[in-house]
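Can you keep this structure in mind? I'll have questions shortly.
The values are calculated or read from the model by the stated rules, or taken from the named source; none is laboratory data. Keep in mind it's a predicted model, so treat the numbers as computed, not measured. Glycine also receives a Cβ, built like all others from the backbone with ideal geometry; neighbour counts cover every protein chain displayed.
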Amino acid sequence: MDVPTKVANKKAYWAYKQVNEYVQKATKEQKKNFRSYVKRLPSLMQDNGMANAIAFVFSKRKSDDRFDAWNYLYNILLEWLRDYYKMVFVKDNDLMKTVLELNSFEYKFVYDELISILNWLRRFAEGLIADEEKS
């Protein structure tokens, strides 16, 4: 499969790969949590601000478990900014530190990027992770 070149298509392709990888390797409970968290995070960012929302995710993650839903979400957001969007201002491979040290222009730019990629992640999480209540 060819990698798309348009930014929106690139985001969609990347988000699909991330959610699909998670679905293949995570437990049923982890998948359910991930689906819930990825749906909630954009609202948390809008209601409380990006720094507060990222701090919340940072506090909830279990860094020793790669497929902990909060940890996976934190790491894929960092990966998107660092590797796929080529953010040169990612600090010490740490999303929390990066967000806290952004100037106002960078903060707005990163906020918009994270909301955009979260929307794609949410769409694919809803499509790839079964809703147990409907099953």
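Determine whether segment 44-54 contains at least one residue that is of a type outside the set (K, R), at pLDDT below 95, assigned to a helix (DSSP H, G or I) and over 13 Å from the mean Cα position of the chain (by Cα).
No, segment 44-54 contains no residue that is of a type outside the set (K, R), at pLDDT below 95, assigned to a helix (DSSP H, G or I) and over 13 Å from the mean Cα position of the chain (by Cα).
When you scan segment 98-107, how many residues do you find that are surrounded by fewer than 14 Cβ atoms within 10 Å (Cβ to Cβ) and assigned to a helix (DSSP H, G or I)?
The qualifying residues number 3.
Can we say D65 is modelled with pLDDT under 90, touching a helix residue (DSSP H, G or I) at 6+ places or on another chain (Cβ under 9 Å) and among the acidic types (D, E)?
For D65, the condition - modelled with pLDDT under 90, touching a helix residue (DSSP H, G or I) at 6+ places or on another chain (Cβ under 9 Å) and among the acidic types (D, E) - is met.
While we're on this one: Would it be correct to say that Q30 is polar (S, T, N, Q), in a helix (DSSP H, G or I) and either closer than 19 Å to Y111 by Cα or modelled with pLDDT of 95 or more (or both)?
No.
Out of curiosity, is F34 aromatic (F, W, Y) and surrounded by fewer than 20 Cβ atoms within 10 Å (Cβ to Cβ)?
No; evaluated as a whole, the condition is false for this residue.
Separate question: Cβ-Cβ below 7 Å, separation at least six or inter-chain, first residue in segment 46-71 and closer than 15 Å to D112 by Cα, second surrounded by fewer than 17 Cβ atoms within 10 Å (Cβ to Cβ) and among the basic types (K, R): which pairs?
none
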